[in-house]
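Below: the structure, in structure tokens.
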Amino acid sequence: MHKLGIVRVLLIGTGGREHALALAFAQDPSVDELICAPGNPGMGAIAKLRNVVADDPAAVCELAVDTRADLVVVGPEAPLVAGVADALRDQGIACFGPSAAAARIEGSKDYAKDVMRAAGVATAASVTCHSQAEAEAALDRFGPPHVVKDDGLAAGKGVIVTSDREAALAHVAAVLSGNDDRAVVVEEFLEGPEASLFVIADGDDAVPLLPAQDFKRVANNDEGPNTGGMGAYAPLPWVDEDFVDTVMESVARPTLAELRRRGTPFNGVLYCGLAVTRQGPKVIEFNCRFGDPETQAVLALLETPLAGLLHAAATHELGNVEPLRWRPGCAVNVVVASQGYPAAPVTGQRIHGADLDGVLHAGTTLAADGSLRASGGRVLNCVAAGETLAKARENAYKLVSNITLEGCHYRDDIAADAAGRPDDAS
Ligand code: AMP
Ligand code: GLY
């Protein structure tokens, strides 16, 4: 097994994903000290919090030196795209997270398509467009439903999927307006349920976590606008037994090999966002970091100590790691969002009931009077495990029912279809 030289872990980020990572580190016997920056009040209960401008490589390096961190784990994509991992590695600090060059796999959808073409990875056919006229021609080529994506990072707001051609064109105009460098990717609509597979990579070796599913739309039955994610569950009872192997061999390994061939090996988590089509899994998107809210469900089932695993990846030792161990059963995460999310989240409302085990903080803050308040769109994550998906759902919704937050909303149907399957005993 990989020898742990870890004592202090510095975790960068503030969301529900980071709270889940922090919990896993806090439970890892090899971690003596956990520092989260900037963190959130939930993370503050299990770690030291420090302030940092997460997108500033020099500031993160300074903090890593100051805290004598043995391992830095970067949660969100923006610091990675800004070169935080490069700066840390330049100083000889072990970092879990890809270089800016490798993070382009998420930072530019056009670049991701180019990598996939070169690697022979199945994905939606697409055209990268720099003008309204090019986009109109591409929309006509693929027909409805239309899929239009901002080429660059857009914090989950860059994609529109619609059968309304005018709405698709309005999105094109909004993305292209005011900046000559901007581009949109117009692509073929992929038919089939979605799955997320997180692949831990050290530049050469790669280890998959359990597959999960995310619920992107704001309302029940996948209605309403896309969000950052309203809930998730893991594992997926409806995929074939060889699903993970298929994705590793047909998607993850060829993509990682192509990035290595380009001189930009990927060290971190390659998030494979997939549509499971009749022809097999096809890539909807890659991200260069853990998914939120899927990570919260996946990590609830991971028994292998997380810091050791990520340290092995950061130090090119993944080949020496023993097979991952998972708790039996399933996990469900239900997101509690503030009033008005995603269009115009109302913040500042008081929160009660967030202190139970399994309630992870995402958009919360402590007010001057010590009360917990909503500070973002996705406020809390209610995460629970169970022998079956049905039981995990029941446990997660019990946590939800304990929460009071004026005007909040959540979906009632997270994992409902999968839990209703006759084989829900996995
Ligand atoms: P993305 O930001 O690329 O993950 O896109 C957000 C969401 O839009 C995805 O989770 C899918 O639900 C949907 N989507 C994106 N691309 C496609 C596609 N080619 N076909 C069908 N749905 C898509
Ligand atoms: N769950 C979607 C994302 O993290 O991008």
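The values are calculated or read from the model by the stated rules, or taken from the named source; none is laboratory data. This structure is a prediction, so every number in the text was calculated from the model and none was measured. Counting neighbours? That spans all protein chains shown, and the Cβs are built from the backbone with ideal geometry, glycine included. All accessible areas refer to the heavy atoms of the entire protein, side chains included, with ligands and DNA or RNA removed. Shrake-Rupley method; radii C 1.70, N 1.55, O 1.52, S 1.80 Å.
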Discussion item. Under the rule of at least 5 residues apart or a separate chain, name every residue whose amide H is placed under 5 Å from the amide H of Ala183.
Written reply: Asp151, Gly152
Worksheet item: region 340-367 to region 257-272: how many Å between their Cα centroids?
Response: 35
Worksheet item: Dipole magnitude of region 289-426 about its Cα centre, charges +1 at Lys/Arg Cβ and -1 at Asp/Glu Cβ only, in debye to the nearest 20?
Response: 240
Worksheet item: Among Ala54, Pro98, Gly75, which residue has its Cα positioned farthest towards the positive end of the charge dipole of region 44-112, with +1 placed on the Cβ of Lys and Arg, -1 on the Cβ of Asp and Glu, and the dipole taken about the Cα centre?
Response: Gly75
Discussion item. Can you compute the modelled spin-label distance between Thr246 and Glu317, with each label point 7 Å from Cα toward Cβ, in nm?
Written reply: 3.6
Worksheet item: Within region 27-106, which trypsin sites (Lys or Arg not before Pro) sit in a loop by DSSP and count at most 12 neighbouring Cβ atoms inside 10 Å?
Response: Arg68
Item to complete: Kindly report the accessible area of the chain per residue (heavy atoms of protein chains, probe 1.4 Å, no ligands, DNA or RNA), in Å².
Response: 40
Item to complete: Quick one: pull the percent of accessible area on the chain belonging to carbon and sulfur, 1.4 Å probe, ligands and nucleic acids left out.
Response: 48
Item to complete: Have a look at Ala390, Val400, Pro254 and report the one farthest towards the positive end of the charge dipole of the chain, computed about the Cα centre with Cβ charges (Lys/Arg +1, Asp/Glu -1).
Response: Val400
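List the longest stretch of the chain that has no exposed loop site; here a site is one of the GluC sites (Glu not before Pro) assigned by DSSP to anything other than H, G, I, E or B, with at most 13 other Cβ within 10 Å. The partial results should precede the final answer.
Details: sites that count: Glu191, Glu241, Glu303, Glu387, Glu406.
The longest uninterrupted stretch comes out as 1-190.
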Worksheet, complete the sentence: In debye to the nearest 20, the charge dipole size for region 216-299, taken about the Cα centre with +1 at each Lys and Arg Cβ and -1 at each Asp and Glu Cβ, equals 420
Worksheet entry | the chain, dipole about Cα centre (Lys/Arg Cβ +1, Asp/Glu Cβ -1), debye to the nearest 20 | 460
Response to the item:
The percentage of Cα-Cα pairs in the chain separated by more than 28 Å is 47
